[in-house]
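Nothing in this text is a laboratory measurement; each read-out follows from the coordinates by a stated rule. Just so you know, these numbers come straight off a predicted model, no measurement behind them. All Cβ positions, glycine included, derive from the backbone under ideal geometry; neighbour counts span all protein chains shown.
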C-alpha cells in the first residue's frame, strides 16, 4: 500500500529554523511521499512587511522535514515577478525536491508529475482558479496552471492511460468558509468523471470536509499548514491556525477504494505541531456531513448572499472608489469629504482598480457568486 502525506498552505517568511514539530516530521518519515502547497515564491525583488512569500531558508527546511514535492499552482506564486518564481524553482531543484503547477513556459506549467511508488504509477496534476498570473496563453513568460485550461480533458485522458492512480491538487474556493461552493463541488466531480482518483483542495485557509463520489475521494480543503505572513498575531483569523493534513492510503488493488487518515495540527507562533483530534477546533465528520446534508442548498444560498454583500459588492465598489464600500455613516462622511476636496484620491490607483475589476470577472469564485445572485434576482415568478 502506497502512503502519501499531503498538507495545506505554507507561508514561511519570518522563521529561519525548523518550523515543523518533531511529531509531524516522524509522521512524514513513515510515508512514501509527502506533498505541500508552497503559497508564494521566495521573494528576491522587494521584501514587504505584509506580503505573502517565503524566505530563502524555507525550501531547505521542508526538505529536512521529509517533503518530496511542492505545489506551486496558487494565487500568490506570481506576486513578485518572473525572477522570483525562477529563483524559487532553482532553489527547489537545488534541494532535490520535485515541483508542479507553475513555471516559465506553457508546456512546463501544465506538465504532470509521474512517479512510481510501491510498484504503482502515480500521475499528479496541480491547478488553480483564475487569479493574477494564471497561465491562459502560450505567449506568457511565467505563471501557474489554470483549472480552466482548454486542454484539460485531453490531458486527463492521456494520464488515465499512463497511470494506476491520478491525483489532482486544486487551489480554489471561497476563503474562510467551511462549506464548499457548489461550483467547486461540480468541478471536482467533473475531474473524477474524467479519470481522477483523488482530489485534494486548498485555498479557503480553513478546513472543509471529505466526500466520496463514485467511490473516489475528494478532500475539499486542508486549510493552512503553516501560514505565518505577519509577526503580529492579532492580524490572524484565529481559526486559520488549526487544521489538518491528509494521509492517503492507495491500495495494492487499483479497484479498491482509497482510504485516508486525518492528521490534526495547530500552529502556535513559529511552530506547527500535531495535536489529538479531541483538541482540534473542528470535526471532519461534521464538516463532511455538511456537504451531503439535505439542507446543503439552504446553507449554500445563505453563503452566497453573505459573500456577495460582504465581499464581492465591496470589491466592485472598490474598483470605482478608494473608500471601503460599506454603507456605514463613517464611510459616507469620508466619501463626501473626498468628493468635495480630494477627488483625485477618491479615484485611487487606477492600475490596481483595473486588476481588481478584471479579477472579479475572470475568477471562478467571484464570477459564480455574481451569477448566482443574478439568477436569484431575476428568477421567474412561480404561482
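A few remarks follow.
- Panel order for 14, 205, by other beta carbons found within 10 Å of each beta carbon, from fewest to most: 14, 205.
- Residue 294 paired with residue 3, simple spin-label distance in nm, labels 7 Å along Cα-to-beta-carbon: 4.0 nm
- Ordering 292, 271 from the fewest to the most neighbouring beta carbons within 10 Å gives 292, 271.
- Relative exposure of 100, 117, judged by other C-beta atoms within 10 Å (fewest first): 117, 100
- Computed label-point distance, nm, for sites residue 16 and residue 286 using a 7 Å Cα→Cβ extension: 4.2 nm
- The chain: antiparallel DSSP beta bridges as a percent of all, rounded to 5: 45 percent
- Length gained when the stretch residue 137-residue 90 is fully extended (0.36 nm per residue, less Cα-Cα span): 14.6 nm
- Gain on full extension, evaluated as 0.36 nm per residue between residue 104 and residue 23 minus their Cα-Cα distance, stands at 25.5 nm.
- Euclidean distance of C-alpha centroids, the stretch 45-85 and the stretch 246-264, integer Å: 29 Å
- Between residue 161 and residue 214, residue separation times 0.36 nm minus the direct Cα-Cα distance comes to 17.2 nm.
- Cβ-derived FRET efficiency at R0 30 Å, residue 175 paired with residue 83, nearest 0.05: 0.60
- A value for semi-axes √(5λ) of the Cα gyration tensor in Å was derived from the coordinates, and within the list (i) 33, 25, 22; (ii) 47, 29, 22; (iii) 36, 22, 21 it appears as (i).
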